[in-house]
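Comments concern the structure below.
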Amino acid sequence: MKKEIVNKAADNIRILAAAMVEKAKSGHPGGAMGGADFINILYSEFLNWDPSDMSWHNRDRFFLDPGHMSPMLYSILTLTGNFTLDELKNFRQWGSPTPGHPELDVKKGIENTSGPLGQGHTMAVGAAIAERFLCARFGEWMAHKTFAFVSDGGVQEEISQGAGRLAGFLGLHNLIMFYDSNDIQLSTETKAVTCENTAMKYEAWGWNVISINGNDADEIRAALIKANEEKRRPTLILGKTIMGKGALDASGNSFERKTSTHGMPLGERCIV
Ligand SMILES: Cc1ncc(C[n+]2csc(CCOP(=O)(O)OP(=O)(O)O)c2C)c(N)n1
Ligand SMILES: [Mg+2]
């Protein structure tokens, strides 16, 4: 498919994400908009699943770590038919299936409850271990991939270090994790709290690390092809992304790369 059309599909995810936060008057648009390109390529070209049959046990699994990026997940799952536009309109409303942070609902495509950063990382490692266990016991016909999406906050959490180290040691080659590295977090740039080299950290644990522009569809696709071919190691796709990608206010001022784009409706504030 032409890159232009692929990018428009990602723009749809961005617009839905920004719109649902706007309507709810609360939520997190920025990270969701930056991660949209990866999620679009993953779901439309790689994830081996059937949205109409979530009980198929050999389906690929997707675990979201940063639950605050739920608008991104709900948006793609609306494009796949698992959610409706009305459910998006009820984002963050009491009793709706679209709470601010996703809650386990496998039928609708939500494989894990998320919110506490780092937990999605560990759940994905656990699921990848379970997949290898099933294959060792019953044969490779049970093989499937486990995909995870993690952000700056999740990479910083200590729980992720234990899980990441174990995944490398066990050589969980069917685990593929995308790191949305936008260098922005809740109230500061990440450089205010950390200076470690994440690629080197995961390499030291035995991971296959692929660094890309996380907003470029071709680079995302190439990285996922390589990750799928890996036979020995878990893969970390380290994608540099832009917080709030593409968002402008009415006067043309950009919301991109701003800490303030992390966790409030775009329309509710002046750009700082
Ligand atoms: C264990 C845990 N500690 C603190 C928080 C509060 N929190 C929510 S989002 C966030 C930082 C998010 O930064 P990042 O993961 O980079 O997401 P982005 O700002 O890029 O959307 C924090 C600290 C949390 N959700 N979980
Ligand atoms: Mg971030």
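Below are the figures for this structure:
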| read-out | value |
| --- | --- |
| Sum of -39500 (n - 2.57) over DSSP H runs of 4+, divided by residues of the chain (222 nm, nearest 500) | -12000 deg cm²/dmol |
| The chain - percent relative contact order, Cα under 8 Å, separation 6 or more | 22 percent |
| Relative contact order for the stretch 86-167, counting Cα pairs under 8 Å that sit 6 or more residues apart, in percent | 25 percent |
| Relative contact order %, the stretch 139-199, counting alpha carbon pairs below 8 Å whose residues are six or more apart | 43 percent |
| Rounded Å value of the spacing that divides the Cα centres of the stretch 7-23 and the stretch 208-244 | 23 Å |
| Mean projected area in nm² (Cα convex hull; one quarter of hull surface) for the chain | 13.8 nm² |
| Portion, in percent, of the accessible area of the chain that falls on carbon or sulfur, probe 1.4 Å | 55 percent |
| Highest-fluctuation residue, LEU42, LEU16, LEU117 considered, GNM on the chain with Cα pairs under 10 Å | LEU42 |
| Nearest-ten-degree value, helix 3-24 long axis tilted from longest Cα axis of the chain | 60 degrees |
| Förster-model FRET efficiency, 51 Å R0, GLN161 and GLN93, C-beta, rounded to 0.05 | 0.90 |
| Crossing angle, helix 217-229 versus the chain [Cα axis fit, 0-90 degrees, rounded to tens] | 20 degrees |
| Whole-number accessible area per residue in Å² for the chain, which is evaluated in the context of all protein chains at 1.4 Å | 45 Å² |
| Straight-distance crosslink candidates among lysines, where the alpha carbon sits under 16 Å from LYS240 and sequence neighbours closer than 8 are dropped | LYS191, LYS258 |
| Between helix 119-138 and the chain: long-axis angle, C-alpha atoms, 0 to 90°, nearest 10 | 30 degrees |
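The values are calculated or read from the model by the stated rules, or taken from the named source; none is laboratory data. The shown structure was predicted, so the numbers you read here are calculated from the model rather than taken from an experiment. As a convention, Cβ positions derive from the backbone with ideal geometry for all residues, glycine included, and neighbour counts pool all protein chains shown. The accessibility values were calculated without ligands, DNA or RNA, using every heavy atom of the protein model including side chains. Shrake-Rupley method; radii C 1.70, N 1.55, O 1.52, S 1.80 Å.
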